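Enquirer: I'd like to ask you about the structure that follows.
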Amino acid sequence: MNTIEKRRSIRKYKDDPVSQQLISELVWAARLAPSAKNRQPWKFIVFTGEQKDRLLDTMNTGIENTEKALAQTGGDASGLPDAKNTLRIMRQAPVTIIVMNPGGSSPYVPADTDTRTTEICDTLSIGAAVQNLLLAAQEKGLGTLWIANTLYAYDELCEFIGEKGQLACAISLGYPDEDPNPRPRKPLEDILEFR
Ligand SMILES: Cc1cc2nc3c(=O)[nH]c(=O)nc-3n(C[C@H](O)[C@H](O)[C@H](O)COP(=O)(O)O)c2cc1C
């Protein structure tokens, strides 16, 4: 409970590197998560240094392409400033962990009911694994940011990463350089109902 209560999304990081041993321990915790049909639909790819820079340059290109496409079609671009801000934070953190669902496919292609059901189950399972990782990081004095704004550069990132499957999300990781207050939560009575 203490770890759950103390965890925050961290958006400022120290430059200090995080050891591969420590990152391996976090992924060890992630893999203990429950998963639908015990499929364990996850793969964690760790980017640091120049590889991280190239990954994030690709994300920048992807966001720019999305911006151009939305300008041409008149689509809703209201999420773009947040995506750009997320990219800025990712550049500042020493580690980016990419979370893939190796059996998944692009969320932007139509899917039949069975495929969609599997995808939803896998997404829920990945969420459980990511939360395990975040809590393990919290216990070890590390900060994390769970990132879905990778979706704004989905195709470009997938091509760069070069893995089959679905890009589920990313996690920024590093030693925190801020200690944010708890973010607001809905009151229990608004979200809990006994029948
Ligand atoms: C699935 C998911 C995706 C998220 N994507 C982003 C993101 O792309 N950029 C970002 O800054 N924060 C992102 N967040 C972090 C949320 O904004 C954050 O968890 C929320 O505001 C509550 O703050 P807290 O984590 O400090 O409790 C994401 C969180 C989740 C669970």
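Enquirer: If packing is taken as the average count of other Cβ atoms within 10 Å, what order do 147-153, 11-17, 110-116, 76-82 fall into, highest mean first?
Expert: Highest to lowest by the protection proxy: 147-153, 11-17, 76-82, 110-116.
Enquirer: Given the pairs Lys14/Lys84; Lys43/Lys84; Lys6/Lys52; Lys14/Lys37; Lys52/Lys186, which span a C-alpha to C-alpha distance of over 32 angstrom in this model?
Expert: Pairs exceeding 32 Å: Lys14/Lys37; Lys52/Lys186.
Enquirer: Based on the alpha-carbon gyration tensor of region 72-127 and its eigenvalue square roots a ≥ b ≥ c, which shape applies: rounded if a/c is under 1.5, prolate if not and a/b is larger than b/c, or oblate?
Expert: oblate
Enquirer: Collect residues whose amide H, placed 1.01 Å from N in the peptide plane, falls under 5 Å from the amide H of Gly143; neighbours closer than 5 in sequence don't count.
Expert: Residues meeting the criterion, in which the H sits 1.01 Å from N, are Gly174, Tyr175.
Enquirer: Nearest 500 deg cm²/dmol is fine: what mean residue ellipticity at 222 nm does the chain get from its DSSP H runs of n ≥ 4 alone, each adding -39,500 (n - 2.57), divided by its residue count?
Expert: -15000 deg cm²/dmol
Enquirer: What shape does the chain take by its C-alpha gyration tensor, where a ≥ b ≥ c are the square roots of the eigenvalues and a/c under 1.5 counts as rounded, a/b above b/c as prolate, and the rest as oblate?
Expert: It is rounded, given that a/c, with a ≥ b ≥ c, falls under 1.5.
Enquirer: OK, next. If R₀ is 25 angstrom, what is the calculated FRET efficiency for the pair Glu189 and Ala148, using the beta carbon separation as r and rounding to 0.05?
Expert: Computed FRET efficiency for Glu189 and Ala148 comes out at 0.30.
Enquirer: Order the peptides 85-93, 132-140 from the highest to the lowest mean number of other Cβ atoms within 10 Å of their residues.
Expert: Going from most to least packed, we get 132-140, 85-93.
Enquirer: Another one. Farthest toward the dipole's positive end in region 1-118, which of Trp28, Ala83, Thr66, given Cβ charges of +1 (Lys, Arg) and -1 (Asp, Glu) about the Cα centre?
Expert: Ranked along the dipole, the leading option is Trp28.
Enquirer: Charges at C-beta only: +1 for Lys and Arg, -1 for Asp and Glu. How large is the resulting dipole of the chain about its Cα centre, in Debye rounded to 20?
Expert: So the magnitude is around 440 debye.
Enquirer: Right, another one. Rounded, prolate or oblate for region 86-195? Axes are the square roots of the Cα gyration tensor eigenvalues, ordered a ≥ b ≥ c, and the cut-off for rounded is a/c under 1.5.
Expert: oblate
Enquirer: Which order do the peptides 43-55, 181-193 come out in when sorted by mean C-beta neighbours inside 10 angstrom, highest first?
Expert: On the way: 43-55: 15.4, 181-193: 7.4.
The most tightly packed comes first, giving 43-55, 181-193.
Enquirer: Output wanted: per-residue J couplings in Hz (rounded whole) for region 35-51, from phi through Karplus 6.51 cos²θ - 1.76 cosθ + 1.60, θ = phi - 60°, x for Gly and Pro.
Expert: 8, 4, 6, 6, 6, 6, x, 9, 9, 10, 10, 9, 10, 9, x, 4, 4
Enquirer: Under 5 Å between amide hydrogens, which residues at least 5 positions from Cys169 or on another chain qualify, with H placed 1.01 Å from N in the peptide plane?
Expert: Here Val99 satisfy the definition.
Enquirer: Further question: Place +1 on the Cβ of every Lys and Arg and -1 on the Cβ of every Asp and Glu in region 137-177, take the dipole about the Cα centre, and give the residue among Thr150, Pro176, Gln166 whose Cα lies farthest towards its positive end.
Expert: Pro176
Read the figures in this text as sums done on the coordinates, not as results from a lab. Being a predicted model, the structure only gives us computed values, none of them experimental. We place every Cβ from the backbone using ideal geometry, glycine too, and count neighbours over all the protein chains shown.
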